[in-house]
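The values are calculated or read from the model by the stated rules, or taken from the named source; none is laboratory data. The structure displayed is predicted, hence computed values, not measured ones. Here the Cβ positions follow ideal geometry from the backbone for every residue, glycine too, while neighbour counts run over all protein chains shown. Surface accessibility is based on the protein's heavy atoms, side chains included, excluding ligands, DNA and RNA. Shrake-Rupley method; radii C 1.70, N 1.55, O 1.52, S 1.80 Å.
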Amino acid sequence: MFKKILLAIDGSKHSERATEKAIELAKLQDSASIEMLYVVAGNKSKSDVLHYGDSDTASLKRKRLLADYKEMIEAENISTDTTVLHGKDGTAEAIIAHANEHDYDVLVLGSRGLNTMQTMVLGSVSHKVVKYVKAPVLMVK
Amino acid sequence: MTTIEKIKNEWFSNVKGDVLAGMVVALALIPEAIAFSIIAGVDPMVGLYASFSIAVIISFVGGRPGMISAATGAMALLMITLVADHGLEYLLAATILTGILQILFGVFKLAKLMKFVPRSVMIGFVNALAILIFTSQLQHFVNETWVMYALVALTLVIIYILPRFTKAVPSTLVAIVVVTALAIMMNFGVRTVGDMGALPDTLPVFLIPNIPLNFETLAIIFPYSLALAMVGILESLLTASIVDDMTDTDSDKNKESRGQGIANVATGFVGGMAGCAMIGQSVINVKSGGTGRLSALVAGVFLMFLIIVLGNWVVQIPMAALAGVMIMVSIGTFDWSSVTNIHKIPRTDAIVMVTVVGTVVYTHDLAIGVFAGVILSAIFFAWKLSQVKIEEHYSMKMKTMTYEVHGQLFFASVQDFVTQLDYELDAKHVILDLSNAHLWDDSAVGALDKIEHKYGLRNITVEITGLNKESSQLMEKIGGLSKASGH
């Protein structure tokens, strides 16, 4: 049923819950795999480089951040790999493009929980993703 | 990779993306180049020539393909007093000297010096820059009617809300076009770009700044050039790292420094003001699909083309629209996460960041702010390092006291270290265990001599154990000297 699972991660608490749900989904099926997707949008590059000093260090921090989720998944004997997308105009657009270019059975993502004002200016990632991704989407609150 | 393959890769591997992104950037550069000229106190022409010349030249000689350089706010803010006191010709000369200093910086491979600028200083730098760009716009609001305020508000609403519906056209461009059209049709009579000075109607030409070539001139421009060179390199290398991260590729920072220098020298000779890399524009470029050298070239050429063809329309842009765009630039420049996370970062880092911002806002000089931040960080660092911890282990039977020393022994820490020891001990023997300590300088060795001497007066012998290799080498070198000459 859900064999190829795409898991979008932003490193927040919501990602952790989304990962748990993705693992539950994967366990329903023999030899299911989870691909973790992390998007470095333009402004994320700016603040990461400012706070970590340079691009190499920022990449290392991201790798470490993703390693926690990888561990969670591998602890359940589920195969997993990681995709990091750079320089994209908007997180939602990058997730949508990646999900639709490849063949996934389901996309799992956490909801950021922005307030009304933030949603108005930034736009809701999950809303756009649910609307435009062709595969079924599991949004974890 | 052969040279030809490399050139092909850097220039023509992404032609469509680079051309489109370059055109988007050109449109975004025009209002900023004009606004930064006005900040510096020169005609919009000076900033537009600079943006054209820097973008075009850096596309050939820069070290970071995909990065956009042009006239910038950080540099414009440093020029204000030079232009006010001495005029445009001195600014052009200062621009050339800035370039020469930057070329030297690149040739001597000083990009590695950047590691002495702590992150908290860089964050303070961008935040201070954002605040100065914002406050520089306030002059346009003085003695204005509500019409001007409404136009600024309209500009900002379009800029921020339009991308929610479409990202096909840059929202700043739409905002400028709408507000300009509205101002012309309704005949509001608000101040426009045309009121602020001349726009170019020809391509720039080569000219030598009309200044006396003597020591007095050098004394005037050198401090400005030094500050400009430093700030330019700082912002350019920061931007290069951001573009590295956005494209997941590496870049040559020394080549970039040299390239910035070449671009500024050339720009001074064609009547433009000094510039550097731009974070915001580079982010726009990469997001729009520009990753190669071609996009900066297209941005520069297309900007000049637009100004020469559409100059009559550009002069009609209301200052209100420009102020709105600059407020957006300022909001985008500010590192908001540094404010929301300020309670999470080490307190000394927060103090350094706030000090940089405070210094810059007070002096209006980014270079002084960075300098103050680096000095303060160094003081904090020395203070943190100078904390020496001592653990005591006393053996009654052996009449021996062992001091386990944890920390760095150097000029700032030894005084504290020496006074922490107890000299009125009931002991025959004192062991200084330095396994967890490190001797750094003459003062550290001197302190050990002093301790030995003080115990010696009380007939207590001192034994030093656990010296690491580097420390004992230092001790031999200096200790040998002082023993030979002194005692």
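Within the group A:SER31, A:SER59, A:SER55, A:SER45, which residue is hydroxyl-bearing (Ser, Thr, Tyr) and away from chain B (no Cβ under 12 Å)?
Answer to the selection: A:SER31.
Filter segment B:195-219 down to the residues that are surrounded by fewer than 17 Cβ atoms within 10 Å (Cβ to Cβ) and either touching a Cys at 6+ places or on another chain (Cβ under 7 Å) or part of a helix (DSSP H, G or I) (or both) and list them by number.
Scanning segment B:195-219 gives B:ASP195, B:PHE215, B:GLU216, B:LEU218, B:ALA219.
What do you reckon, is B:ALA175 more than 20 Å from the chain's Cα centre (by Cα) and buried (at least 16 other Cβ atoms within 10 Å of the Cβ)?
Criteria met by B:ALA175.
List pairs: first residue in segment A:79-105 and closer than 19 Å to A:VAL137 by Cβ, second residue in a loop (DSSP other than H, G, I, E, B) and open to solvent by 40 Å² or more (accessible area, probe 1.4 Å) anywhere in the structure, Cβ distance under 6 angstrom, at least six positions apart or on different chains.
Cβ pairs passing all conditions: A:ASN100/A:LYS134; A:ASP105/A:PHE2; A:ASP105/A:LYS3.
When the residues of segment A:47-96 are filtered to those that are in a loop (DSSP other than H, G, I, E, B) and among the small types (Gly, Ala, Ser), which remaining residue is least open to solvent (accessible area, probe 1.4 Å)?
So the residue we want is A:GLY90.
Somewhere in segment A:93-101, is a residue over 15 Å from the mean Cα position of the chain (by Cα) and either more than 14 Å from chain B (Cβ to nearest Cβ) or over 21 Å from B:PRO163 (Cβ atoms) (or both)?
Within segment A:93-101, one or more residues are over 15 Å from the mean Cα position of the chain (by Cα) and either more than 14 Å from chain B (Cβ to nearest Cβ) or over 21 Å from B:PRO163 (Cβ atoms) (or both).
Scan segment B:467-486 residue by residue and report those that are modelled with pLDDT of 85 or more and not in a helix (DSSP H, G or I).
Answer for segment B:467-486, where residues must be modelled with pLDDT of 85 or more and not in a helix (DSSP H, G or I): B:LEU467, B:ASN468.
Can you name every one of the helices (runs of 4 or more DSSP H) wholly within segment B:1-91 that holds 2 or more residues which are open to solvent by less than 20 Å² (accessible area, probe 1.4 Å), over 21 Å from B:VAL205 (Cα atoms) and among the small types (Gly, Ala, Ser)?
Hits in segment B:1-91: B:15-40, B:73-86.
Every residue in segment B:114-128 that is surrounded by 23 or more Cβ atoms within 10 Å (Cβ to Cβ) and either aromatic (Phe, Trp, Tyr) or in contact with a Gly (Cβ under 9 Å, 6 or more places away or on another chain) (or both), please.
Listed by number, the residues that qualify are B:SER120, B:VAL121, B:MET122, B:GLY124, B:PHE125, B:ALA128.
Pick out the one residue from B:VAL179, B:VAL117, B:VAL142, B:VAL147 that is among the aliphatic types (A, V, I, L, M), closer than 30 Å to B:LEU228 by Cβ and in contact (Cβ under 8 Å) with a residue 24 or more places away in the chain.
B:VAL117
Step by step: first the residues of segment B:279-293, then only those that are open to solvent by 10 Å² or more (accessible area, probe 1.4 Å) and under 16 Å from the mean Cα position of the chain (by Cα), then the one that is farthest from the other protein chains (Cβ to nearest Cβ). Which residue is that?
Of everything passing the filter in segment B:279-293, B:GLY280 is farthest from the other protein chains (Cβ to nearest Cβ).
Cβ-Cβ under 8 Å, sequence separation 6+ or interchain: first residue in segment B:242-258 and more than 10 Å from chain A (Cβ to nearest Cβ), partner open to solvent by 30 Å² or more (accessible area, probe 1.4 Å) and at pLDDT below 90. Which pairs?
Final answer for the pair search is B:ASN254/B:LYS109; B:ASN254/B:LEU110; B:SER257/B:LEU110.
Test B:SER386 against the criterion of being in contact with a helix residue (DSSP H, G or I) (Cβ under 8 Å, 6 or more places away or on another chain), open to solvent by less than 20 Å² (accessible area, probe 1.4 Å), more than 14 Å from chain A (Cβ to nearest Cβ) and modelled with pLDDT under 90, and give yes or no.
Against the criterion (in contact with a helix residue (DSSP H, G or I) (Cβ under 8 Å, 6 or more places away or on another chain), open to solvent by less than 20 Å² (accessible area, probe 1.4 Å), more than 14 Å from chain A (Cβ to nearest Cβ) and modelled with pLDDT under 90), B:SER386 qualifies.
Yes/no per residue for (1) away from chain A (no Cβ under 14 Å); (2) open to solvent by less than 70 Å² (accessible area, probe 1.4 Å); (3) modelled with pLDDT of 90 or more; (4) in a helix (DSSP H, G or I):
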position: B:LYS112; (1), (2), (3), (4): no, no, no, yes
position: B:ALA130; (1), (2), (3), (4): no, yes, yes, yes
position: B:THR135; (1), (2), (3), (4): yes, yes, yes, yes
position: B:ASN143; (1), (2), (3), (4): yes, no, no, no
position: B:TYR149; (1), (2), (3), (4): yes, no, yes, yes
position: B:LYS167; (1), (2), (3), (4): no, no, no, no
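I need every pair where a residue in segment A:1-23 that is open to solvent by less than 30 Å² (accessible area, probe 1.4 Å) has its Cβ under 8 Å from the Cβ of a residue that is in a loop (DSSP other than H, G, I, E, B), sequence separation at least 6 or different chains.
Here the result reads A:ILE5/A:ALA32; A:ILE5/A:TYR104; A:ILE5/A:ASP105; A:LEU6/A:HIS102; A:LEU6/A:TYR104; A:LEU6/A:ALA135; A:ILE23/A:GLU76; A:ILE23/A:ILE78, each pair linking segment A:1-23 to a residue that is in a loop (DSSP other than H, G, I, E, B).
Here are some residues: B:VAL370, B:VAL360, B:VAL354. Which one is outside the structural domain of B:PHE141 (by TED's automatic domain parsing), open to solvent by 50 Å² or more (accessible area, probe 1.4 Å), modelled with pLDDT of 90 or more and within 17 Å of the chain's Cα centre (by Cα)?
Step by step, each of B:VAL370, B:VAL360, B:VAL354 is checked, and only B:VAL354 is outside the structural domain of B:PHE141 (by TED's automatic domain parsing), open to solvent by 50 Å² or more (accessible area, probe 1.4 Å), modelled with pLDDT of 90 or more and within 17 Å of the chain's Cα centre (by Cα).
Given the conditions (1) open to solvent by 70 Å² or more (accessible area, probe 1.4 Å); (2) of a type in the set (A, V, I, L, M, F, W, C); (3) in contact (Cβ under 8 Å) with a residue 12 or more places away in the chain; (4) in a helix (DSSP H, G or I), which single one is not true for B:PHE188?
(4)
Which of (1) among the β-branched types (Val, Ile, Thr); (2) under 19 Å from the mean Cα position of the chain (by Cα); (3) over 21 Å from B:LEU226 (Cα atoms) is the odd one out, the single condition B:VAL61 does not satisfy?
Only one criterion in (1) among the β-branched types (Val, Ile, Thr); (2) under 19 Å from the mean Cα position of the chain (by Cα); (3) over 21 Å from B:LEU226 (Cα atoms) is unmet by B:VAL61, namely (2).
Just to confirm my filter: which helices (runs of 4 or more DSSP H) fall fully inside segment B:282-382 and include at least 1 residues that are touching a Phe, Trp or Tyr at 6+ places or on another chain (Cβ under 8 Å)?
B:293-314, B:319-333, B:347-363
Does B:VAL265 count as among the β-branched types (Val, Ile, Thr), under 21 Å from the mean Cα position of the chain (by Cα) and surrounded by fewer than 21 Cβ atoms within 10 Å (Cβ to Cβ)?
So B:VAL265 fits the description; yes.
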